1. So, R0 is 35 Å and r is the distance between the beta-carbons of Thr64 and Lys336; what FRET efficiency does that work out to, to 0.05?
2. 222 nm [θ] for the chain, helices only, -39500 (n - 2.57) per DSSP H run of 4+, per residue, to 500?
3. Tally Lys/Arg at +1 and Asp/Glu at -1 over every other residue whose Cβ is under 12 Å from the Cβ of Ile318; what's the total?
4. Binned at 10 Å from 0, what are the whole-percent values of the Cα-Cα distance distribution for the stretch 89-209, short to long?
5. Between the helical axis of 347-361 and the dominant principal axis of the chain, each derived from Cα atoms, what acute angle in degrees is found, rounded to the nearest 10?
6. What per residue convex hull volume, in Å³, comes out for the stretch 188-377 when only alpha-carbon positions are used?
7. What FRET efficiency comes out for the pair Glu38/Ser123, r = Cβ-Cβ distance, R0 = 30 Å, nearest 0.05?
8. How big is the stretch 3-178 along each principal axis, measuring the range of its Cα positions in Å and listing the largest first?
Amino acid sequence: MIKVSVIGAGTMGAGIAQIAATNGHEVCLYDSFDGATETAENKLKKILNRLVEKERITQQENETILGRINFTKEIKEVAGSGLIIEAIIENLSIKQKVFTEIESLVDEDCIIASNTSSLSIASIASALKNPERVVGIHFFNPAPLMPLVEIIPAVQTSENTLTKAKSIIDSWKKVTVITKDTPGFIVNRVARPFYGEALRIYEEGIADFATIDWAMREIGGFRMGPFQLMDYIGNDINYTVTETVFTAFYFDSRYKPSFTQKRMMEAGYLGRKSGRGYYDYSTEMPQANEDRKLGKVILWRVLAMLINEAADALFLNIATKEDIDLAMTKGVNYPKGLLAWADEIGLANVLKQLEDLQTEYGEDRYRPSPLLKRMVAANKTFY
Ligand SMILES: NC(=O)c1ccc[n+]([C@@H]2O[C@H](COP(=O)([O-])OP(=O)(O)OC[C@H]3O[C@@H](n4cnc5c(N)ncnc54)[C@H](O)[C@@H]3O)[C@@H](O)[C@H]2O)c1
């Protein structure tokens, strides 16, 4: 079994190291900052102890998993790895520098992957002598619990690198989807309207946070409402992802960030982690207006925008329809795949909703995907 090295022992790196060690690999977890590997080791010990208490693993397995991980501040210890997964700070020039250093330490057949959420894999790979060995392997937080992993070949990635990387991650019992090297990959692109359209509905005064959340949960079947979820993710992180995707798409108005969320971030109302976001966690939660007619208007508008985004990702060959649907159910727990959901609702109904919004607002934000139009004209369904 190959040795796996993880670069960066933060939130994502520590989780990825846990997965690799649990799946039997010898793991090197490297971080350059003082105290980072110690923090990761202590956190991992707590997580594994809890798994023993819950009888998910035995004490023996706990010790074996920990024993497989070499927590280190010495980058040269990555030597001999068959797979490296980088999960350091989201900064292109720092990542390129680390990739160059790693390339000088490993054999030619070692795959070097990045867990980046927003940088292009092509730009990271371009720093290497052998860029064909680079691929994106994008986990979701918390990595050990979220089943989805997006695999992203860059223009430089060889078929061999892609096949090998996918088969290793599949062997870790993850659900892998292959996506083009475009901003937000599948999940962080297709999910944008879940937040953006909910914010817009609030800004127009159609409903408050609690009512929008209630509608999406109770009528739509989503596990969390958009405001609840933004508070959980953190308004700083969620806003940054939106802004990054918006910029990367050359300011396509579909992805325009919201001032409501920007002010939340500026005020330090980050969500659960700061005790206050859209909700104040020190007091009782506000009551939703449980008017089902209003709830359906809210759900229908957000859902039509999500389906449009999924259809457009398919139109532009970002991934297969199956992978787009899998990504949203396994990466962000949507109750159904968006394209399958569209078939259920009827594509003509989705298209009409988008056209009505576009007519009413005159905004490009609501333009229907050409694929939806073509499919409705040809009376087709996705499945
Ligand atoms: N947090 C998420 O939800 C999430 C999800 C998917 C992908 N990602 C991506 O994963 C990567 C890491 O994110 P995170 O949330 O784990 O960050 P984090 O801040 O928790 O951890 C980053 C770690 O990298 C270390 N580091 C920074 N520069 C380094 C260097 N030059 N050499 C070695 N170590 C260095 C830091 O000490 C820190 O421990 C980013 O690229 C991010 O876009 C994050």
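1. 0.35
2. Calculated from helices alone, the mean residue ellipticity at 222 nm is -15000 deg cm²/dmol.
3. -2
4. Computed distribution, short to long bins: 13, 38, 29, 12, 7, 2.
5. Between helix and principal axis, roughly 70 degrees.
6. 113
7. 0.40
8. That works out to 46, 34, 27 Å along the principal axes.
Where a number appears in this text, it was derived from the coordinates with a stated rule and is not lab data. Only a predicted model underlies this, so the values are computations on that prediction, with no experimental measurement involved. Glycine also receives a Cβ, built like all others from the backbone with ideal geometry; neighbour counts cover every protein chain displayed.
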